[in-house]
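Student: Got a structure here, written out as structure tokens. Questions coming.
Just so it is clear, none of the values below were taken in a lab; they were calculated from the coordinates. What you see is a predicted model; the values in this text were computed from it and never measured. Cβ coordinates were reconstructed from backbone atoms using ideal geometry, including for glycine residues, and neighbour counts include every protein chain displayed.
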Amino acid sequence: MSEALLTSQPPGTDTAVPGASGARQFWRRLRTQRAALVAAAVVALLVLVALAAPLLTAIEGQDPTTYHPSLVDSARGGVPIGSFGGVSAEHWLGVEPQTGRDLFARLVYGARVSLGVALAATVVQLLLGVVIGVAAGLGNRWVDLLLTRIADIFVAMPLMVVALALLAVVPTSFPRPVLVALVVGLVSGWATLAKMVRAQTLTLKELDYVAAARLSGWSTVRIARRELLPGLAAPVITFAAILVPSNITVEAALSFLGVGVKPPTPSWGQMLTSADVWYQAAPQYLLLPAGALFVTVLAFTVLGDGVRTALDPRAASRLRIGTGRGREAKPETKGETSRKARRETKGVAS
């Protein structure tokens, strides 16, 4: 309910708190989806591993950049010595071919790069998309036309070609993870979000509570912040959940092509680039980063789908199927209706 409408209500009128009830309803719907809860647990574990990478590598006693030439067989081209790629008490997942660098340390530090770049790019995309979308929806005809055309240009822009060009010309002294996050965030994603936010803003600004706020003399910025942004929260959160796995894939692709994160900084895509010639001699060097990417993207995708379903009011009836409330609301059969009618008739006659 708008603050402008609340101020016009008579004293003593009972008003609900939509934000709190909406959050409880969202959590209740999300809890009915076991796949989404499992995906959320996997995502939380991945984030925890990324944050605790220095602690985990300190417990193992290794780091991601130290070479161990004595652990690889130079006569065989640098294949790790020992079974399963050199797995031991000192190297939990084995070592990297040719260099002997610890694979566990590079994998957990690579999680920091992949997740950090993806999340930072998502924040940039959300800021640009929401601001430009709301500005286009609330602006006059010329502002709307200009911002919409700019968004159309970025929607049609080939991400990989532009990213390759930008990353190739920027000096190597610039921090590469920050650069990749900025390029991915500025080139892709936000334009589609802006078009969606603009369409939603055009719908919301015609509602009564926004008109009441306008008549109360509120500024455009205050109306956008107090009235429009709460209504845009659900679609924006849903779109953000979809953007994160997409950004993880883009970062891995750029690093795989050699224009993303540069050595010695570990990255899953960079590890895949080096592992493409070792899939027979040292298969774990390829399977570990590929499996980490697969699990991460799958977990974020399933979680995003669960968030979308929980935020969609039309999914409420579908989520109640098979639950206790669904069975209570089950319509009576013809036989049950006739028996109930006979009992009521007998009671009246007596």
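Student: Along Cα→Cβ, 7 Å out, is where each label goes; now give me the distance between the ones at SER173 and TYR279 in nm to one decimal.
Tutor: About 4.0 nm separates the two model spin labels.
Student: Another question, then. Taking R0 as 25 Å, what FRET efficiency do you get between VAL143 and ALA23 from their Cβ-Cβ distance, rounded to the nearest 0.05?
Tutor: Working from the Cβ atoms, E equals 0.15.
Student: Sorted from largest down, what three extents in whole angstroms do the Cα atoms of region 32-315 have along their principal axes?
Tutor: Cα extents, longest axis first: 80, 47, 29 Å.
Student: Using θ = phi - 60° and the Karplus form 6.51 cos²θ - 1.76 cosθ + 1.60, what ³J(HN,Hα) does each residue of region 93-100 get, whole Hz, x for Gly and Pro?
Tutor: Per residue, the Karplus-derived 3J(HN,Hα) values read 10, x, 10, 6, x, 6, 9, x Hz.
Student: At a Förster radius of 45 Å, what calculated FRET efficiency corresponds to the Cβ-Cβ distance of ARG226 and SER70, to the nearest 0.05? Write out the running numbers ahead of the final one.
Tutor: On the way: r = 65 Å, r/R0 = 1.44.
After rounding to 0.05, the efficiency reads 0.10.
Student: Between VAL79 and residues 5 or more places away or on another chain, which pairs have amide H atoms under 5 Å apart, with H built 1.01 Å from N, and which residues are they?
Tutor: Here ASP73, GLN98 satisfy the definition.
Student: Using the beta-carbon distance between ILE81 and LEU55 and R0 = 25 Å, what value does 1/(1 + (r/R0)^6) give for FRET efficiency, to the nearest 0.05?
Tutor: Here the calculated transfer efficiency is 0.35.
Student: Further question: Which whole-Hz couplings ³J(HN,Hα) result when phi for each residue of region 161-174 is put into the Karplus expression 6.51 cos²θ - 1.76 cosθ + 1.60, θ = phi - 60°, listed in order with x for Gly and Pro?
Tutor: 5, 5, 5, 4, 5, 5, 5, 7, 9, 6, x, 5, 6, 6
Student: Using each residue's phi in region 45-60, evaluate 6.51 cos²θ - 1.76 cosθ + 1.60 at θ = phi - 60° and report the 3J(HN,Hα) Karplus result to the nearest Hz, with x for Gly and Pro.
Tutor: With coefficients 6.51, -1.76 and 1.60, one gets 5, 5, 5, 5, 5, 5, 5, 9, 4, x, 5, 5, 5, 5, 5, 5 Hz.
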